[in-house]
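J.: This structure is in structure tokens; I'll ask about it shortly.
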Amino acid sequence: MGFISDALNRIQPSATIAATQKARDLKALGRDVISLAAGEPDFDTPDNIKEAAIKAIRDGKTKYTAVDGIPELKQAICAKFKRENNLDYGPHQAFVAPGGKPIIFNAMVATLNPGDEVIIPAPYWVSYPDIVLLAGGKPVPVETTLEDGFKLQPEALDKAITKKTKWLIFNSPSNPSGAAYTASELKKLTDVLMKHPHVWILTDDMYEHLTYDGFKFATPAEVEPGLYERTLTMNGVSKAYAMTGWRIGYCAGPEPLIKAMTKVQSQSTSNPTSISQYAAVEALNGPQDFIPERAKVFKERRDLVVSMLNQAKGLKCPTPEGAFYVYPSCEGCIGKKTTDGKVIETDEDFAMALIEAEGISVVHGAAFGLSPFFRISYATSTEELTDACERIQRFCASLL
């Protein structure tokens, strides 16, 4: 018998973290590397949020808190859901975790039994299937297409549902594609889910505030109130508030599920960091005017990257509705050779050759369950993005 558990052997390390670390390692060796792998805003946390954290420290708010979050933050979460999503939750239905990932982990561990199936539209955030596997469930990827804007179609969802289906994990705007669903597109999916009352929905709304071109965000339980009792609506402060390192995710849902998730968290991480929770209260309750200003900058970067990548030989890059990623196809580069004679057979080959030749770190599409694509994060400066895209154009033009 091996020392490492079977559960751990079912999963892979995070590909996005691995790509980011490889870029760091190459930089440490003196290489000129631009990392477009990390899903992290380059903006700083707003000062009012920092000050709230400093005040919490000075006020001695440095002790253990309730496992599932302080009352002040739960109230702020409920107010946010009411104000922005037309969803009514009480504090007993709200839950706080040290990041969004633990929310998904807690929900899956609390509900999945061996053989339970979880539908995950592909491309997907790399952690979804591995968390399902760790919890003993079976991930069921449902591929989308570039032609459909990487959006799950109702017919495909209906076909994927079986008697064993327990959850649909749904992400809009999407990491990695940036695809976002309109209310009417969502309604077609929720109509399918209404036919299958045994299926629960975990909706990951982390990029809610990062949408462009007048796009109006909607979330499943808002579009179809009939799903309220079997929907876990998840969000966090990492992306819109530039608080990735503060590690605060939150959600709300049916009280029995919240109690079960609290039980899991009580035996794993326990409470989220007290100081970060007080900072998150200020994030949710404080001024929100900086969010659209930053979204405007992200839109300008998106437009730059989409334009430049579509000028690269062999690449095809759709224009996403939200988040800060693009998910271009590199199908036109598959089968070609690099200048040193290596054949590019997969999108992983493309990503590896790109960082070796031009020092550009991206994440290959197979990590997100859909090839041949790759993900670029445009959450960095315009100057760096311009330089990176010029290098990508040069690399693509050099392929034989």
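The values are calculated or read from the model by the stated rules, or taken from the named source; none is laboratory data. Just so we're clear, the structure is a prediction, and the values are computed from it rather than from any experiment. All Cβ positions, even for glycine, are placed from backbone atoms using ideal geometry, and neighbour counts span all protein chains on display. Side chains are part of the model used for accessible areas, which takes the heavy atoms of the whole protein and leaves out ligands, DNA and RNA. Shrake-Rupley method; radii C 1.70, N 1.55, O 1.52, S 1.80 Å.
J.: Can you show me the helix-derived [θ] at 222 nm for the chain, built from DSSP H runs with n ≥ 4 at -39,500 (n - 2.57) apiece and divided by the number of residues, rounded to the nearest 500. Provide the component values of the computation, followed by the final result.
T.: Working: 14 runs with 161 residues, N = 400.
So the calculated ellipticity at 222 nm is -12500 deg cm²/dmol.
J.: Also, quick follow-up: Under 24 Å from the Cα of Lys188, which lysines turn up, not counting those fewer than eight places away in the same chain?
T.: Answer for Lys188, where 24 Å is the Cα cut-off: Lys82, Lys151, Lys159, Lys163, Lys164, Lys166, Lys216, listed by chain and number.
J.: Positive end of the charge dipole of the chain (Lys, Arg +1 and Asp, Glu -1 on Cβ, about the Cα centre): tell me which of Val326, Gln311, Gln21 has its Cα farthest that way.
T.: My answer, from the dipole projection, is Gln21.
J.: Could you check how much of the accessible area of the range 87-182 is carbon and sulfur, as a whole percent, using a 1.4 Å probe?
T.: On the way: 1750 of 3190 Å².
Carbon-and-sulfur percentage of accessible area, whole number: 55.
J.: R0 = 45 Å: FRET efficiency of Arg83 with Asp25, Cβ-based, nearest 0.05? Walk me through the numbers on the way to the answer.
T.: Working: r = 43 Å, r/R0 = 0.97.
The pair Arg83/Asp25 has a calculated efficiency of 0.55.
J.: Separate question: What whole-number volume per residue, in cubic angstrom, does the convex hull of the C-alpha atoms of the chain give?
T.: Working: hull volume 62.4 nm³, N = 400.
Per-residue hull volume (Cα only) is 156 Å³.
J.: Next question. Would you list, by chain and number, the lysines whose Cα falls below 24 Å from the Cα of Lys55, excluding same-chain residues fewer than 8 positions away?
T.: Lys63, Lys74, Lys80, Lys239
J.: HN-Hα J couplings of the range 196-202 from phi, Karplus 6.51/-1.76/1.60, θ = phi - 60°, integer Hz, Gly and Pro as x?
T.: So the Karplus estimates, Gly and Pro as x, are 10, x, 8, 9, 9, 10, 9 Hz.
J.: For the range 52-69, take each phi angle, set θ = phi - 60°, evaluate the Karplus expression 6.51 cos²θ - 1.76 cosθ + 1.60, and give the result in whole Hz per residue in order, putting x for glycine and proline.
T.: Ordered by residue, 3J(HN,Hα) equals 4, 5, 4, 4, 4, 5, 5, 7, x, 7, 10, 9, 4, 10, 4, 3, 9, x Hz.
J.: Scanning the chain for GluC sites (Glu not before Pro) in DSSP loops with at most 13 other Cβ atoms within 10 Å, what's the longest stretch left with none?
T.: Numbers: sites that count: Glu147, Glu345.
Longest stretch, sites excluded: 148-344.
J.: Here's another thing I want to ask about it. From the phi of every residue in the range 24-30, what ³J(HN,Hα) in whole Hz does the Karplus formula 6.51 cos²θ - 1.76 cosθ + 1.60 yield, where θ is phi - 60° and glycine or proline is x?
T.: Running phi through 6.51 cos²θ - 1.76 cosθ + 1.60 with θ = phi - 60° gives 4, 5, 5, 4, 5, 8, x Hz.
J.: Kindly work out what percent of the DSSP beta bridges joining two residues of the chain are antiparallel, to the nearest 5.
T.: Numbers: 16 of 36 bridges.
Of those bridges, close to 45 percent are antiparallel.
J.: On to the next question. For the range 271-370, compute the number of Lys pairs whose alpha carbons are separated by less than 28 Å, excluding pairs fewer than 8 positions apart on the same chain.
T.: Lysine pairs, 8 or more places apart or on different chains, close enough: 9.
J.: Still on this structure: Looking only at the range 147-266, where both bridge partners belong to it, what percent of the DSSP beta bridges are antiparallel (to the nearest 5)?
T.: On the way: 4 of 13 bridges.
Taking every DSSP beta bridge with both residues in the range 147-266, the antiparallel ones total about 30 percent.
J.: When only C-alpha pairs under 8 Å and at least 6 residues apart count, what is the relative contact order of the range 281-372, in percent?
T.: Working: 87 pairs, mean separation 14.6, N = 92.
Computed over the range 281-372, the figure is 16 percent.
J.: Still on this structure, I have one more. Under unit Cβ charges (Lys, Arg +1; Asp, Glu -1), what dipole magnitude, rounded to 20 debye, does the chain have relative to its Cα centre? The partial results should precede the final answer.
T.: Details: 43 positive and 49 negative charges, 152 e Å.
That gives the chain a dipole magnitude of about 740 debye.
J.: On to the next question. Take Lys313, Lys151, Lys216 and sort them by solvent-accessible surface of the protein heavy atoms, 1.4 Å probe, largest at the top.
T.: On the way: Lys313 115, Lys151 20, Lys216 160 Å².
Largest accessible area first, the list is Lys216, Lys313, Lys151.
J.: Heavy-atom accessible area per residue, the chain, 1.4 Å probe: how many Å²?
T.: Details: 16920 Å² over 400 residues.
Heavy-atom accessible area per residue stands at 42 Å².
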